[in-house]
Amino acid sequence: MKLPFRVQLTRRTEEIPKWLPLATSVGAVVAAFIISGIVLLSIGGDPLRVFGFFFRASFGSWGAFSDIIVKATPLILIGLGCSLAFRMNMINIGAEGQFYMGAFFASLVVLVPLVPMDSPRVLVLSLMGVMGILGGAVYGFIPGFLKAKFNVNEVITTLMLNYVAVFWNNYWIFGKYSDAGFQMTPTFEKVAWLPRLADLAKQYPVFSGITLHLGVVFGLVAAVIIWLILKYSRWGYEINLIGDNPKAAEYAGINIARNMILVMMVSGALAGLAGMSEITGVVHRLQERISTNYGFSGVIVAWLAKLNPFVVILVSILFGALIVAGREIQPSGLSFMIQGTILFLVISSDVLLRYRISIVKRQEEIA
Amino acid sequence: MSFEVILRAGLATGTILIFASLGEILAERSGVMNLGVEGMMLIGAMAAFKVAFTTQNAWLGLLAGILAGGILSLAHGVVTIHFQADQTVSGLSLTFLGTGLALVLGEGLTGKNAAILPKLDIPLLSSIPWFGRIFFSDFNILVYLGYILVPLTWFYIHKTRPGMHLKAVGEKPSAADTLGINVYRLRYIYTFIGGCMAGLAGAAISIAISPGWYSSLTTSGQGWIAIALVIFAHWNPFPVALGGYFFGMLRRFTLDLQGPMTFLGMRNPFFYDHNLVFFLQMTPFILTIIALVWGSSTARRKRRGAPAALGVPYIRGERGL
């Protein structure tokens, strides 16, 4: 069977037009919604009603919008960490585990406790932040080291470590620090709560019930720092060079093994900070399922943002909306399916950036 | 806790890993690494269960599971073979896609009863004393299929002509191309077979070995363990079988260890403190990492293992492998 025409790919030699990467990302999101709609239709659902509900549940009120930003906060931090690692072609899928480890380390400050609970709030929270960063970095070190030293595929190790982290976390919340047998620790003292806008409700009634907390500032600051590192620092240059052309980086005398470990630690540290921000800003204790697959959504966020730190923020907000709406939507796997479809389409649409696609008639070819 | 029980449970649940790993061996031998095994298994498990539930025919379910895994793998095929996308990233996104699809399409199947594949004794072999009772009696039919597929895959790869072509395409595609082997077509075929095997592995869970649909917990990371096994086994079927059965036994062992008050004459801590069980549950995942470290470092040192063109897209007329 031969079609009268064929699709031909030619490698782009010219610069990629500036609008094209953005267009492919937007196209991927739109197409993912269309495909998900078709799947919904095929199982007898009503896509228009579901997506309409989706939009109202997420952007319908200030309260809902603040919920989105709260959900976007860990995604921003994790997305930034992932994009840093991905730039060097280190595929860190372990943000989920690094998030849990960060949360665990940070909670130790309160649970052990490492400082008396009548210390100033700034001290407690800063120490928790440092511990969160440390926990994530230690957990990122393991796959980075194994990759650098033994050439072990980091995708699989980071994934396996995700499972380990969840069981580790469970041991402490079920066993050592359980609150009267429940699967959670007792609620933290108020000194270990990140400030929320709702705290200001007395002076400004507008803010009553607004859950937005300081964690989002961590995300914004981190975005600026990562951008500065990538754009102006020597280390950022090394990361980009190793990602684009490892051979050239090696000839240039860059220590690739050291950078692999370092980038995984920083990537893990950001996820760990996200874990700290989540337990101090949202749940106020260590418990099961503090993450609604943030680790995986963060991976998708990074790619959809084409590894650009500021775009990560925007995409995180979109995904925050998906998560917020996904909580109330049936079927419950829908938001996960949309995210998965988006990622797959983003990856495959990459071909548009590298190749020119033309349709050639077979007759012309012969002539 | 008895050794025989653990061994038999290991043979049964190990079959799941072996199906998925054998499929991945074939795909990777042709040069296509597919990290989407977990997603393909899940969609296979869902499709098999759904069809076996609606038709009440387990064989139709099996077919659906196999095809579902295969069809999903073709998405990875197009993206990596024709579009030359990064195989790691594409495979990963395939896992997300497959998981999401399976969760949505499998909505409402939890707790339902589907038709399941039969258990049977192998005539003659099952009457061998001890041996026959352990290996050839009262197993699900798919367990026996696993016994057959392991040597068959080895024979196919190493002793047949198509197997030689398969290796050529994965080691040096440009040379294979000059000999008139269609590199693209073979890669598509083996990616598809790999997907079908992953779908089979999923079906083996949901309608045969531990029947039921438990959304994403149905596979709970086994697809990733299967990929790690392939590396550990240096892309060879027999070590994959050993590893698969071992992991199966380990799973049962960690469950059974919680029962007795003493173990090997010592006080059994897992009986007295049930929270320690969380550490038992970590062991398969930690062992996977250890196996992976061992497999990867020996592969590099002894220059054994990974097909040379694994992960490298083939572009006709361009320099490269």
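Structure summary
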quantity	calculated
For chain A: relative contact order, % (alpha-carbon pairs under 8 angstrom, 6 or more apart)	36
Projected label distance in nm at A:TRP235 and A:ALA248, using a 7 Å step from Cα toward the beta-carbon	2.3
Surface/4 estimate of mean projected area, convex hull on alpha-carbon atoms of the stretch A:157-255, nm²	11.6
Residue-span extension gain [A:SER119 to A:LEU228] - 0.36 nm each, minus C-alpha spacing	35.8 nm
Debye log10 I(q)/I(0) for the stretch B:3-301, one point scatterer per Cα, at q = 0.13, 0.17 Å⁻¹	-0.93, -1.43
Kirkwood hydrodynamic radius of the stretch B:115-235, from inverse mean 1/r over distinct Cα pairs, in Å	17.1
Relative contact order [Cα under 8 Å, 6+ residues apart], the stretch B:3-301, whole percent	34
Theoretical ellipticity at 222 nm over the protein assembly as shown - DSSP helices of four or more residues, -39500 (n - 2.57) apiece, nearest 500	-21500 deg cm²/dmol
Qualifying lysines (Cα of each under 22 Å from Cα of A:LYS176; at least 8 residues distant if same chain)	A:LYS190
Label-point separation in nm, B:ASP138 to B:THR298, each point 7 Å along Cα→Cβ	3.6
B:SER2, A:SER358 arranged by Cβ crowding within 10 Å, fewest neighbours leading	B:SER2, A:SER358
Label-to-label distance, nm, for residues given as B:TRP130 and B:LYS167 (7 Å Cα→Cβ offset)	3.7
Calculated FRET efficiency for the pair A:ILE256/B:LEU74, C-beta based, R₀ 45 Å, to 0.05	0.80
Volume per residue that the Cα convex hull of the protein assembly as shown spans, once the total is divided by residue count, Å³	193
Extension reserve of the A:PHE33-A:GLN330 stretch, reckoned as 0.36 nm per residue once the Cα distance is removed	105.4 nm
Evaluated over chain A, the Cα radius of gyration and Dmax, each in Å	22.6, 86
Gyration tensor over alpha-carbon atoms, the stretch B:165-227, equivalent ellipsoid semi-axes in Å	35, 11, 8
Gain in span if fully extended, B:GLU318 to B:LYS159, counting 0.36 nm per residue against the direct Cα distance	54.1 nm
Point-charge dipole on Cβ atoms (K/R +1, D/E -1) for the protein assembly as shown, about Cα centre, debye to 20	1420
Cleavage-rule hits, trypsin sites (Lys or Arg not before Pro), the stretch B:232-302, DSSP coil, Cβ neighbours within 10 Å at most 12	B:LYS302
10 Å Cβ neighbours from other chains, averaged over peptide A:174-180	2
For B:86-94, mean number of other protein chain Cβ atoms within 10 Å	6
Qualifying trypsin sites (Lys or Arg not before Pro) in the stretch B:90-134, DSSP loop, other Cβ atoms within 10 Å at most 14	B:LYS112
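Rule-based calculations on the coordinates, nothing more; no lab input. All values derive from a computational prediction rather than experimental measurement. In this analysis, Cβ positions are derived from the backbone assuming ideal geometry, glycine residues included, and neighbour counts consider all displayed protein chains.
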